[in-house]
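Worksheet for the structure shown next.
We did not get these values from a lab; they are worked out from the coordinates using the rules stated. What you see is a predicted model; the values in this text were computed from it and never measured. Cβ coordinates were reconstructed from backbone atoms using ideal geometry, including for glycine residues, and neighbour counts include every protein chain displayed.
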Amino acid sequence: MYIQCSDPSRSGGIYNLMKIEASPAILKKMREKHGIDIEEVLECFSNIEHGFIEDTREGNVTNPPTYSFIAETDHGKEIFVCFMQARDRVIHLKTAFRPDVKRKEFYLKNTRKK
């Protein structure tokens, strides 16, 4: 699957055609546990308004970095999306689910323009 979206490794709103991959296990968990399908995740990548945040919590740091964001689908469903972007520039989806209030507040606080 490909989507045109902002490159998390660059600043300034640079957009590229990105390939998105997700394992069958991730897709199944998203669908069965969270009620989210891959098409909704693709819509969220296209609808990003506030940017990405990098997960720098101790014990959660990955190489390549893990990024996340909250965005709405084309039908207004808010989804938290977590992913990694490999050196081959492929986005590897880690999870997606509906954000709770605390996660949304944290995301908005950490993506505000300073």
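Which loop-located GluC sites (Glu not before Pro) does region 21-51 contain, where loop means any DSSP state but H, G, I, E or B and the Cβ has at most 16 other Cβ atoms within 10 Å?
Qualifying residues, ordered by number: Glu49.
Going by amide H atoms built from the backbone, whose H comes under 5 Å of the H on Arg98, apart from near neighbours?
Phe80
Using 22 Å as the Cα-Cα cut-off, could you pick out the over-long pairs in Lys19/Lys94; Lys29/Lys109; Lys28/Lys109; Lys77/Lys109; Lys28/Lys102; Lys33/Lys109?
Going by Cα-Cα distance, Lys29/Lys109; Lys28/Lys109; Lys28/Lys102; Lys33/Lys109 fall outside the 22 Å limit.
At Cys82 and Ile26, where each label point lies 7 Å from the Cα along Cα→Cβ, what is the point-to-point distance in nanometres?
1.1 nm
Be a star and scan region 63-93 for residues whose amide nitrogen sits under 20 Å from the point 7 Å along the Cα-to-Cβ vector of Glu105.
Backbone N within reach: 69-71, 78-81.
Would you mind calculating the relative contact order of region 2-111 from Cα pairs under 8 angstrom and at least 6 residues apart, reporting the percent as a whole number?
Relative CO of region 2-111 lands at 26 percent.
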